[in-house]
1. So how far, in whole Å, is the C-alpha centre of the stretch A:23-57 from the one of the stretch B:60-122?
2. Which of B:Asn150, B:Leu188, B:Gln117 sits closest to the plus end of the dipole of the stretch B:107-219, meaning its Cα is farthest towards the positive end, when Lys and Arg get +1 and Asp and Glu get -1 on the C-beta?
3. Quote the charge dipole size of chain B about the Cα centre in Debye, to the nearest 20; the model charges only the Cβ of Lys and Arg (+1) and of Asp and Glu (-1).
4. Filter chain B for me: DSSP H helices, axial length by Cα at least 27 angstrom, mean Kyte-Doolittle hydropathy not below 1.6. List them by residue number.
5. First check a/c for the stretch B:16-84, with a ≥ b ≥ c the square roots of the eigenvalues of its C-alpha gyration tensor; if it is under 1.5, answer rounded, and if not, answer prolate when a/b is larger than b/c or oblate otherwise.
6. Counting only C-alpha contacts under 8 Å and six or more residues apart, can you give the relative contact order of chain A as a whole percent?
7. Work out how much length B:Val67 to B:Val7 would gain on full extension: take 0.36 nm times their residue separation and subtract the Cα-Cα distance, in nm to one decimal.
8. Quick one: Karplus J couplings for the stretch A:96-109, per residue in order, coefficients 6.51, -1.76, 1.60, θ = phi - 60°, nearest Hz, x for Gly and Pro?
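Since every read-out is calculated from the coordinates, none of them should be taken as a lab result. Treat the numbers as computed from the prediction; the structure is a model and nothing was measured. Positions of Cβ are generated from backbone atoms using ideal geometry, with glycine treated the same way; all protein chains shown enter the neighbour counts.
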Amino acid sequence: MIEVKNVYKSFGHLEVLKDVSVSIQNGEVIAIIGPSGSGKSTLLRCINLLEVPTKGSVFVDGQDITDKKTNIAEIRKKVGMVFQHFNLFPHMTVLENMTYAPIKTKGADKLSIGKKALELLKTVGLEEKANVYPEKLSGGQKQRVAIARALAMEPETLLFDEPTSALDPEMVKEVLQVIKALAKTGITMALVTHEMGFAREVADRICFLEGGKLIEEATPEEFFSNPKTERAKQFLEKML
Amino acid sequence: MQFHKMVEFIPLLVKGVGVTLEFTVLSTIAGFILGIIIAVVKVSNIKPLKWLANFYTSIFRGTPLLVQLFIIYYATPQLFDYKIPALNAAVITFGLNSAAYISESLRGGIQAVDKGQKEAAMALGVSYFNTMVDIIFPQALKHVLPALVNESIALLKDSSLVATIGVMDVLRASETIMNTTFIPFEPLIIGAAIYYVLIGILTLLADVLERRVNRSDRS
């Protein structure tokens, strides 16, 4: 369970988040959407403290992660992240990418985590790429490996930061399919996306951000067929 | 040409090669270790330490190496009442000096690694220390390897400065031969050739290392 409470975030004079509160129940999938520069990614990055809120708190399983005493590395083991630009480690093979963190941070046994990594690769359809370096993969393959890498940590929650925005159009589908399948497994997910059809299909709830504020929160049916705010209406007209 | 007259001095030259290599290897090791530490300080967020590291770099880059060597060799006995051996003085000077250059190369290399790499490691719960050692350094090393090879080559050549404080390295050996035989050209050209061959070997080793480091680009 994740609770973002009255979070503000500024970069210098630029206030990116203004009093945002949102909670995510266990097993829930939320999609954070909104125009560029509305603070979607910043909000997501506050959940694993890649951005430290200027004000407000973020609770993960009841623990305030903005508290200086919290061991953030421990929290991050439970909250995985998938990035827009994949961020695979280029000097490690696909398998090493996936097993590195579990071995280093959880003392996982090399043999058993290797086996598990291969199984995960199978679920994303890339088992034959285990010993290849990331450079040899297409964008869509890289992102599937990045998802598998996050899963190898057995997180309770996965954060997706525009996972298909850097992909060629023909590769978007393969990544979305993997995420869709994942959503059905009951893992908690928060995703920032520009793919409206996908958000509608996969999310339990839509959070619409505009100018750093959460101005609308609704089920996908409600939001897409009958948005309450004028700003959301305008946004959807442009996107759909 | 009187190269035949050089034969009897071969043992002296061989000894000189040993001394030159000893200086170079010890100084390189000292320079690398200190350079890595200073580079880590430079990319950290500890302001006073950062300032100190930058000041250090500016001093050692801003004054001639020979002046530094003279200060450490001749002034140490005066200041600390300790007659510093030439080897120690040279290794300390060269180590301190090359650390300044190496730290700058490494800092640039570390900062050239995509910020997403650190974020990805952090998001996986990897500690700052492990992130630096396992994720950032190997990638930074790739960027800075050519600069580090240049630094080692420079160190090997600069090691000839120790001849000025009386150490019998390759240059000093050539000089001694010149002074005994009154023939300048042959001993000096032999000395130059020895440096050239040593640097050639170093360059070959560096090529092998570079290929190893870059293997993720090919397979």
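1. 45 Å
2. Going by the charge dipole, the pick is B:Gln117.
3. Its charge dipole is roughly 500 debye.
4. Correct list, ordered by number: B:10-43.
5. oblate
6. Relative contact order of chain A: 27 percent.
7. Contour length minus the Cα-Cα distance gives 18.1 nm.
8. Residue by residue, the stretch A:96-109 yields 5, 3, 7, 9, 4, 5, x, 5, 6, 9, 10, x, 5, 6 Hz.
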